[in-house]
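Step one of this worksheet: look at the structure below.
The values are calculated or read from the model by the stated rules, or taken from the named source; none is laboratory data. As the structure is a computational prediction, the values presented were derived from the model and not from experiment. Cβ atoms come from the backbone with ideal geometry, glycine included; neighbour counts cover every protein chain shown.
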């Protein structure tokens, strides 16, 4: 004997529309990781304190005629240029050294989206650093004119702003690239300082290599940016060296992150 079951009156459960994690939320999470960890917070504090100290030293010890907005900008670029790449490194290496990768890649299995979110967060941080740099320089220039009788020139222009933005973004993206390749904080930080320094010394000491330096050494290619003397060939040098030091390492690092096993 068979039993017939009527399905006509059985209510069907409506299909749920399960949306993925919005990309903007991933970016906010990556930005939060930069300051919501002990290492990131202290690094940001160090950047602010050292930048303030650099402005104060220049304010009280530089010649009055040198107290201009452009010179204050150049002074603030130095500490940020050293420390921002470290923050870019920690954005990536924290996933492995602090074991947050299991959480990140479980909540968002598509690693490409996480890498893009990290890149956008790093670029946003670089732009925030530019704003803070200009603010420090502006305060220093005002105090230089009122306290030290400085020249107080505000000549800077869009060209100067463009140069600062390019320098900051190359710097922090370079740190991101080193972090993605090595996936180890200590090794990436050491290599990011040692390797450019070694290349700079090599091209500075070996006269026969100096003609090739603008095409290989990023520091040499960036020098006209700091001096505000960028010409046609200088942009070509900067493009090529940025490919060597930033674009290719980012590509290699992205491949490694996508293929590495998170433990």
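Checked against (1) surrounded by 13 or more Cβ atoms within 10 Å (Cβ to Cβ); (2) modelled with pLDDT of 90 or more; (3) under 28 Å from residue 106 (Cα atoms), residue 257 meets all criteria but (2). Hey, does the stretch 36-44 have a residue that's part of a helix (DSSP H, G or I), within 26 Å of residue 165 (Cα to Cα) and out of contact with any helix residue (DSSP H, G or I) (no Cβ under 8 Å at 6 or more places or on another chain)? Within the stretch 36-44, one or more residues are part of a helix (DSSP H, G or I), within 26 Å of residue 165 (Cα to Cα) and out of contact with any helix residue (DSSP H, G or I) (no Cβ under 8 Å at 6 or more places or on another chain). All conditions in (1) closer than 21 Å to residue 154 by Cβ; (2) more than 13 Å from the chain's Cα centre (by Cα) hold for residue 116, with the sole exception of (1). When the stretch 109-122 is filtered for residues that are surrounded by 17 or more Cβ atoms within 10 Å (Cβ to Cβ) and either in contact with a strand residue (DSSP E or B) (Cβ under 6 Å, 6 or more places away or on another chain) or more than 15 Å from residue 40 (Cβ to Cβ) (or both), the ones remaining, listed by number, are 111, 114, 115, 117, 119. For the stretch 138-158, the set of residues classified as in a helix (DSSP H, G or I) and under 10 Å from residue 69 (Cα atoms) consists of 138, 139, 140, 141, 142, 144, listed by residue number.
Scanning the stretch 138-149 for residues that are surrounded by 14 or more Cβ atoms within 10 Å (Cβ to Cβ), more than 14 Å from residue 57 (Cα to Cα) and in contact (Cβ under 8 Å) with a residue 60 or more places away in the chain turns up 138, 145. Is it true that some residue in the stretch 188-195 is under 15 Å from residue 83 (Cβ atoms) and either more than 18 Å from the chain's Cα centre (by Cα) or surrounded by fewer than 18 Cβ atoms within 10 Å (Cβ to Cβ) (or both)? Yes, because at least one residue in the stretch 188-195 is under 15 Å from residue 83 (Cβ atoms) and either more than 18 Å from the chain's Cα centre (by Cα) or surrounded by fewer than 18 Cβ atoms within 10 Å (Cβ to Cβ) (or both). Filtering the stretch 29-52 to residues that are over 30 Å from residue 105 (Cβ atoms) and touching a residue at least 12 places away in the same chain (Cβ under 8 Å) leaves 48, 50, 51, 52. Only one of the listed residues (102, 161, 133) is more than 18 Å from residue 246 (Cα to Cα), modelled with pLDDT under 90 and assigned to a helix (DSSP H, G or I). That residue is 102. Which residues, counting only those in the stretch 111-137, are closer than 14 Å to residue 69 by Cβ and touching a residue at least 60 places away in the same chain (Cβ under 8 Å)? Within the stretch 111-137, 133, 134, 136, 137 qualify. Could you list all residues from the stretch 5-35 that are in a loop (DSSP other than H, G, I, E, B) and at pLDDT 70 or above? If the condition is that a residue be in a loop (DSSP other than H, G, I, E, B) and at pLDDT 70 or above, then 20, 21, 22 are the ones that fit. For the stretch 205-246, filtering for residues that are in contact with a helix residue (DSSP H, G or I) (Cβ under 8 Å, 6 or more places away or on another chain), within 23 Å of residue 77 (Cβ to Cβ) and surrounded by 13 or more Cβ atoms within 10 Å (Cβ to Cβ) leaves 23.
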